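For reference, the structure is listed below as structure tokens.
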Amino acid sequence: MEPLFELALRLPGAGSRDLLRELHRQLRSAILDGRLQPGARLPATRALAQQLGVSRNTMLAAYDLLLSEGYLLARPGAGTYVADTLPIARGGHGGRGSRSGRAPKASTPARRDPRLVPLDVPGADLAPTLQPQAARDDFRVGLPDVSLFPFDIWRRLSDRALRHTARQAARFADYADPQGQAALREAIAGHVSFTRAVGCTAADVVVTAGAQQAFGLLARILVVPGRTVVAVEQLFYPSLREAMLAAGARVVTVPTDDEGMCVDRIPPEARVVCVTPSHQFPTGVAMSPPRRAALLAFARARNAVVIEDDYDSEFRFAGRPLDALQTLDRAESVFYVGTFSKSLFPALRLGFVVAPPWARAALVRARELADWHGPVLAQEALAAFIAEGHLARHIRKMRKLYGARRTALLEALARHGAGRLEAVASDAGLHLSARLLGATRADAVVERAAAAGIVLPPLSRFALDANAPGVPNGLAFGYGLIGEAQIDGAVRRLVALL
């Protein structure tokens, strides 16, 4: 029997672009202020959609967002319930406004923050990217499965954007906004608000050519060559580290453990700290709440900034998601970087930075000097893809697919690798890491595996110094490119090589 649901919701009319946003916001507010009590069972999506006069897809998307944020719990065969323990909300009701509930402060060239550096600082080119190898069993990390991407929908939205451009040719005769198309910035602000409780508006978002350009632009405005100390995790995403090195930063590494970055080991002179707190790359561990609080306290006390790469956060398979650092920040010290390379496809080359108000003008100027702006048609198509709910639906579908592969990988490691490989606990992302037990070195295993048609990286590949103390001896297993049915046999053959 369906539970009674007497909650009054005031939703915009059918077809409104704000329908999903308002539905999510009002349900979330009802949970936070106690109108929906912990443990309360919610109606099935079909029944509630009929009651509210919305599509079931919209209802599913709203429930999924609340599930991913930790406000709801799904009990197989029993229904959907309000979580007994709720995540910490920003500003009481976790709305999309600024931290104080007021509009964000204007940022002008006259109000430059001392943490910024002049934009005429030269930088070096990044190292070239290695070309992928052919493999029978491909465990490379950071690459999604694009075979199920709805290219027919993307084509339709791209065609619509082109028709719109043709009808308003005069509007597109000049260069576009370096900050990004307004529709895309609005869609991104809504998306990260729903999925990660990141409180921002379209004005806070700067669109970039993927996360790589975001890192380069941040290095441009934050690093003084030869002087600025940048702290990164001992194992870290190479492109971010290389962007900082190319800008002339003095990069230092900080150990990590099962709670993430060891904040007490950050050098006091560090003025930029780069972290992947939600799904540490490549180990997969999540930074604990005490470490998050300590990192923000460090930034506040040292007048430092934090670059938060929310890597793989869309794909969570277990546990309650922890708040983003940007959500917890009260001192305007966090730059939140996101990309659509994992949730959509890498060749899209669109990402974003949610920047503090004091840095926004400098970041937009850096983007303007780099390449003026990104491709307008792709931005318009992505804006519609997000606003119409296609992104949420695609993530939901791929989360199920990747979840099955992750389970198969964990079972294969336990079945074939007992005593030789130990999986590192991780609740999210497109890859798992495993420690090698015994004296066999990971780089030797990788070399043998490549000869046998199995491609995967050693964890040491992501260290600034692969031979430094504390660099773990292990392997990273990506499951974006390998089918579920292949995984068991591939792991069995890999273990045989040990």
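Here are the numbers:
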read-out	value
Considering only the chain, percent of DSSP beta bridges that pair antiparallel, nearest 5	60
The stretch 209-252 - convex hull of the alpha-carbon atoms, volume per residue in Å³	53
Dipole of the chain, positive direction: furthest Cα of Pro12, Gly180, Gln213, with charges on the beta-carbon	Pro12
Solvent accessible area, Å² - Trp372, 1.4 Å probe, full protein context	100
Highest-first arrangement of 262-272, 427-437, where packing means the average Cβ count within 10 Å	427-437, 262-272
Overall dimensions of the stretch 413-459 as given by Cα atoms, namely Rg and Dmax in Å	11.3, 31
Where a label projected 7 Å from the Cα of Ala331 along Cα→Cβ would reach, residues of the stretch 291-320 with amide N under 20 Å	291-309
Correct choice for semi-axes √(5λ) of the Cα gyration tensor in Å that was computed from the model, options (i) 69, 26, 19; (ii) 40, 25, 19; (iii) 34, 30, 23	(iii)
Stretch gain in nm, segment Leu437-Arg35, where the contour uses 0.36 nm per residue and the Cα spacing is subtracted	139.6 nm
Value of Rg/Rh across the stretch 365-470 [Cα atoms, Kirkwood radius]	1.13
Exposure rank, largest accessible area first [Thr407, Thr201; 1.4 Å]	Thr407, Thr201
The stretch 237-306 - percent relative contact order, Cα under 8 Å, separation 6 or more	30
Accessible surface of the stretch 379-498 [probe 1.4 Å, protein heavy atoms]: carbon and sulfur percent	51
Mean projected area (nm²) of the alpha-carbon convex hull when the stretch 230-353 is viewed from all directions	7.6
The chain, helix-only ellipticity at 222 nm - DSSP H runs n ≥ 4, -39,500 (n - 2.57), divided by all residues, nearest 500	-12000 deg cm²/dmol
Nearest-10 value in Å² for the accessible area of Tyr336, using the 1.4 Å probe	10
Global geometry of the stretch 297-382, whether rounded, prolate or oblate, following the gyration tensor of its Cα atoms and the 1.5 cut on a/c	oblate
Per residue, in Å², the accessible surface of the chain once ligands and nucleic acids are set aside, probe 1.4 Å	43
Under the span-like rule (Cα at least 15 Å along the axis, Kyte-Doolittle mean at least -1.0), DSSP H helices of the chain	19-32, 56-69, 151-167, 182-196, 210-222, 289-302, 357-371, 376-387, 390-416, 484-497
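The values are calculated or read from the model by the stated rules, or taken from the named source; none is laboratory data. Please read all numbers here as calculations on a predicted model, not as lab measurements. Note that we place each Cβ from the backbone using ideal geometry, even for glycine, and neighbour counts take in every protein chain shown. Calculation scope for accessible area: heavy atoms of the full protein, side chains included, ligands and nucleic acids excluded. Shrake-Rupley method; radii C 1.70, N 1.55, O 1.52, S 1.80 Å.
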